[in-house]
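Here's the structure we're looking at; comments come further down.
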Amino acid sequence: MSVNMRFGPYGGRYVPETVIGALDELTEAYERYRDDPDFLSELGVLLGHYVGRPTPLYRARRLEDAWGIGSGLWFKREDLCHTGAHKINNALGQVLLARRMGKERIIAETGAGQHGVATATASALMGLGCRVYMGRTDMQRQRLNVIRMRMLGAEVHPVDSGSGTLKDATSEAIRDWVTNVDTTHYIIGSAVGPAPYPEIVADFQSVIGIESRAQMLEETGRLPGSVVACVGGGSNAIGIFRGFLDDADVALVGVEAGGEGPSGRHGASLALGRPGVLHGSYSYLLQDPDGQVAEAHSVSAGLDYPGVGPEHSHLRDIGRVTYVNATDEAALSAFLECSRLEGLIPALETAHALAHVRDGAAALRDGGPVLVCLSGRGDKDVDQAGAALGIDASA
Ligand SMILES: *Cc1c(COP(=O)(O)O)cnc(C)c1O
């Protein structure tokens, strides 16, 4: 089976000549191993016994009541994955591919640090050297994950350029890869980047959607009316959406970072951006009037990115997925409500999806059960959210 290089007009490979060979090598490895019984069984054992899959489907009854969602509110519990978010599904798959390609060194970029932690974890497990690029701003707001990565034996490399966030870390990781491509595999953490990355990441994350679809049928006897996920680069969203793309009656909703609102700084690439090229791929992105990439902003480091994966751009254009956004403020209040009413402290990224469910409840409610991808847990966010919400540890 061949690998998707484009999604409608989006995707492709806008990269220096020196990495085309490595992208071809990765494409070949992926084509060879994606259906290989040994590869799938090694990955399957790790997902089952190391990550903790299948993750449960949980009915959030107290939020249902509080938000008036009579048709049912269900969480796909990716927060229960080892390392605390969906990122490990992709990191393990790619590390297994890297080992089969004979690579001895792994590099990655990270925003919130979840992809860095997942990659450091998978690299430790496989005995591969690991360097993670992370913006200085993100290192400050995600201290816990910086320490975790270092404990796991990864080298965390601070990036001072630009705004010191995910975009800058990604540029730096690409630079490293161009120089060390023979020995190094670059694990991209979201469904972004040059082909074949968006397809590979979506495929490794599609386990979320495949499990959810079967679990919804088992628990409720029907498909959800709507599926809601937050969108940074778009990997947890495409992972859950892929389970339902062919179910025309299931509404799919992606929630981007609304930041300070439409007239302030934000990360809503699909709602407020235009197509252009960033990090090797053609997709919607935030640009200034001259076409320069604009800085994104979000309270959550994982959504603080001016681009988005090419498959989402295509799904937006053909109208299969609706993309909305939630502001920092809405996400913070949903973060607290979920913590207080369900005893689940969600990641700030995830809280954007929850905010939309709360604020758009009327529109979602009539279609049937609402399924939310609970992409990760909020341990990493307690310092930052606590400061914003006035909660601290002093007497
Ligand atoms: C990284 C991250 C995201 C955003 O990345 P996507 O690729 O859009 O999924 C969302 N939620 C959590 C918990 C994350 O760690």
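Here are some notes:
- For L46, the requirement of being in contact with a helix residue (DSSP H, G or I) (Cβ under 6 Å, 6 or more places away or on another chain), surrounded by fewer than 22 Cβ atoms within 10 Å (Cβ to Cβ), of a type in the set (A, V, I, L, M) and outside any strand (DSSP E or B) is met.
- Filtered residue count, region 234-256, keeping only those that are part of a loop (DSSP other than H, G, I, E, B) and more than 9 Å from the ligand (Cβ to nearest atom): 9
- Region 115-133, residues that are within 16 Å of the ligand (Cβ to nearest atom) and either at pLDDT below 95 or within 13 Å of D176 (Cβ to Cβ) (or both): V132, Y133
- Of all residues in region 306-345 being free of Cβ contacts under 8 Å to residues at least 12 places away in the same chain and in a helix (DSSP H, G or I), the one that is farthest from P262 (Cα to Cα): R340
- Of the residues making up region 59-87, those that are hydroxyl-bearing (S, T, Y) and more than 16 Å from the ligand (Cβ to nearest atom) number 1.
- Any hit, region 199-213, residues being closer than 21 Å to F75 by Cβ and either of a type in the set (S, T, Y) or part of a loop (DSSP other than H, G, I, E, B) (or both): yes
- P369 passes every criterion in (1) more than 16 Å from the ligand (Cβ to nearest atom); (2) touching a Pro at 6+ places or on another chain (Cβ under 6 Å); (3) over 20 Å from E211 (Cβ atoms) apart from (3).
- Qualifying residue in region 3-21 (condition: assigned to a helix (DSSP H, G or I), in contact with a helix residue (DSSP H, G or I) (Cβ under 9 Å, 6 or more places away or on another chain), modelled with pLDDT of 95 or more and of a type outside the set (S, T, N, Q)): no
- Scanning region 273-305 for residues that are at pLDDT 95 or above, charged (D, E, K, R) and in a loop (DSSP other than H, G, I, E, B) yields no hits at all.
- Cβ-Cβ under 8 Å pairs, at least 6 apart or on other chains, region 172-201 side modelled with pLDDT under 95 and more than 16 Å from the ligand (Cβ to nearest atom), far side among the aliphatic types (A, V, I, L, M) and part of a loop (DSSP other than H, G, I, E, B): I174/V15
- Selection of first residues in region 228-250 that are over 16 Å from D304 (Cβ atoms) and among the small types (G, A, S) and of second residues that are surrounded by fewer than 24 Cβ atoms within 10 Å (Cβ to Cβ) and modelled with pLDDT of 95 or more, restricted to Cβ pairs under 6 Å at least 6 apart or on distinct chains, gives the following pairs, ordered by first then second residue: G239/S206; G243/I210; G243/R213.
- Any hit, region 138-159, residues being crowded, with 21+ Cβ neighbours inside 10 Å, touching a residue at least 60 places away in the same chain (Cβ under 8 Å) and among the β-branched types (V, I, T): no
- Some residue of region 238-246 being buried (at least 20 other Cβ atoms within 10 Å of the Cβ), under 24 Å from A347 (Cα atoms), among the aromatic types (F, W, Y) and at pLDDT below 95: no
- Residue among I391, I345 that is within 13 Å of the ligand (Cβ to nearest atom) and of a type in the set (V, I, T): I345
- Residue within region 220-233 that is within 12 Å of the ligand (Cβ to nearest atom), polar (S, T, N, Q) and in contact with a strand residue (DSSP E or B) (Cβ under 6 Å, 6 or more places away or on another chain) present: no
The values are calculated or read from the model by the stated rules, or taken from the named source; none is laboratory data. Keep in mind the model is a prediction, meaning the values are calculated, not measured. Ideal geometry is used to build each Cβ from the backbone, glycine not excepted, and the neighbour counts take in all protein chains shown.
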